[in-house]
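Here's the structure, in structure tokens; my notes come after.
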Amino acid sequence: MRLDLISIFPEYFEALNLSLIGRAQQDGLLEIRRTNLRDYTHDRHRTVDSPPAGGGAGMVMKPEPWAQALESVLSDDGAAARPILVVPTPSGELFTQQRAAELAAAEHLVFAPGRFEGIDERLTDWAQEHFQVHRLSIGDYVLNGGEAAVIVMVEAITRLIPGVIGNAESLTEESHSADGLLEYPVYTKPAEWRGRRIPEVLLSGNHAKIEAWRREQSQQRTRRRRPDLWAKHVVARERAAE
Ligand code: SAM
């Protein structure tokens, strides 16, 4: 998969050179290109923002530097399909595990994180002629800029690409996977730590019992912590039983 990350702070994305995503790049599973948006400005101050039309607080990102940066990405995109452009915004649709799985199948993803009050709305209208545009929010809160949201999304998407995570099995039993339940509690050695023991069943060696205990814990945890997910799980279970 090729990823293009365009930002006025491309250094922000250095974190993606660490750990599993860093290794996936070394192994050729991922190619991450970082672009400085200011390279597509043509004035002395390399200006990317301007006051909002109609007045009001803050500044808005001008569309032209973005369009030129995106055109440059398009000019060396060899893929047959239109690349996907992800525009992180708190006013977008919620980014979920399901969306991460859909995006993990793409050949080429381009990310356009905003700063200030966001990007002139005409940019995404224009971009729809050249890209499949997804306006996505990582949650109901506001960040200073979209770079942290890009890192969150890239991490969630790329770990689903075969080969990025060593043990693919660990993806199937996680929170937010197919059954919609949160993951059960996990423990490691020693069996007793600071007076606290691991649940005995996990030391029993009885795999059927362990599986049943984990399922029960997942259900309890989801019911208690995320009643919204639990309600969806119950509906899905009832439908499957019909
Ligand atoms: N004025 C905008 C609004 O109220 O919707 C917020 C702009 S925010 C200060 C600057 C940038 O941070 C946005 O353009 C977006 O790229 C990013 N951002 C902030 N919160 C986000 C969130 N919850 N999800 C995704 N991106 C976010």
* Asked: Rounded to the nearest 0.05, what FRET efficiency is calculated for Gln68 and Asn144 with R0 set to 25 Å and r the Cβ-Cβ distance?
  -> 0.55
* Candidates per GluC sites (Glu not before Pro) in segment 86-129, loop by DSSP, up to 12 other Cβ within 10 Å -> Glu129
* **Viscosity 0.692 mPa s, 37 °C: Kirkwood-radius Stokes-Einstein D of the chain over Cα pairs, µm²/s** => 159
* Structure fact -> With x for Gly and Pro, the residue-by-residue ³J(HN,Hα) of segment 81-98, computed from phi through the Karplus equation 6.51 cos²θ - 1.76 cosθ + 1.60 at θ = phi - 60° and given in whole Hz, is 7, 5, x, 8, 10, 9, 10, x, 7, x, 9, x, 5, 5, 6, 10, 4, 5
* Structure fact -> Within the chain, excluding any trypsin sites (Lys or Arg not before Pro) found in a DSSP loop (not H, G, I, E or B) and having at most 12 other Cβ atoms within 10 Å, the longest uninterrupted segment runs 45-193
* To do: Output the relative contact order of the chain, whole-number percent, from Cα pairs under 8 angstrom with separation of 6+ residues.
  => 19
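Quickly rank 77-86, 47-56, 175-184 as a protection proxy: mean count of other C-beta atoms within 10 Å, highest first. If you can, show how the numbers build up before the last one.
Values: 77-86: 15.5, 47-56: 12.0, 175-184: 17.3.
Peptide ranking by packing, descending: 175-184, 77-86, 47-56.
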* Structure fact -> Projecting the Cα atoms of Ala212, Phe13, Ser137 onto the charge dipole of the chain, where Lys and Arg contribute +1 and Asp and Glu -1 at Cβ, the residue farthest towards the positive end is Ala212
* segment 162-242: D in µm²/s via Stokes-Einstein (Kirkwood Rh, Cα pairs, 37 °C, 0.692 mPa s)? -> 226
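If you take every DSSP beta bridge whose two residues both sit in the chain, what share of them, in percent to the nearest 5, is antiparallel? Before the final figure, lay out the partial values.
Working: 4 of 25 bridges.
About 15 percent, rounded to the nearest 5.
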* Asked: Counting Lys and Arg as +1 and Asp and Glu as -1, each charge on the Cβ, what is the dipole of the chain about the Cα centre in debye, to the nearest 20?
  -> 1120
* Asked: How large is ³J(HN,Hα) for each residue in segment 169-177, as worked out from phi by the Karplus curve 6.51 cos²θ - 1.76 cosθ + 1.60 (θ = phi - 60°), to whole Hz, x for Gly and Pro?
  -> 4, 5, 7, 7, 9, 7, 4, 6, 8
* Asked: Which chymotrypsin sites (Phe, Trp or Tyr not before Pro) in segment 125-229 pass both tests, a DSSP loop state and at most 16 other beta-carbon atoms within 10 Å?
  -> Tyr141, Tyr187
* Amide H of His108: which non-local residues (sequence gap of 5 or more, or other chain) have their own amide H closer than 5 Å, using H built in the peptide plane? -> Arg2, Ile84
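Here, each number is a calculation from the coordinates, and none is a lab measurement. Since this is a predicted model, take the numbers as computed values, not measurements. All Cβ positions, even for glycine, are placed from backbone atoms using ideal geometry, and neighbour counts span all protein chains on display.
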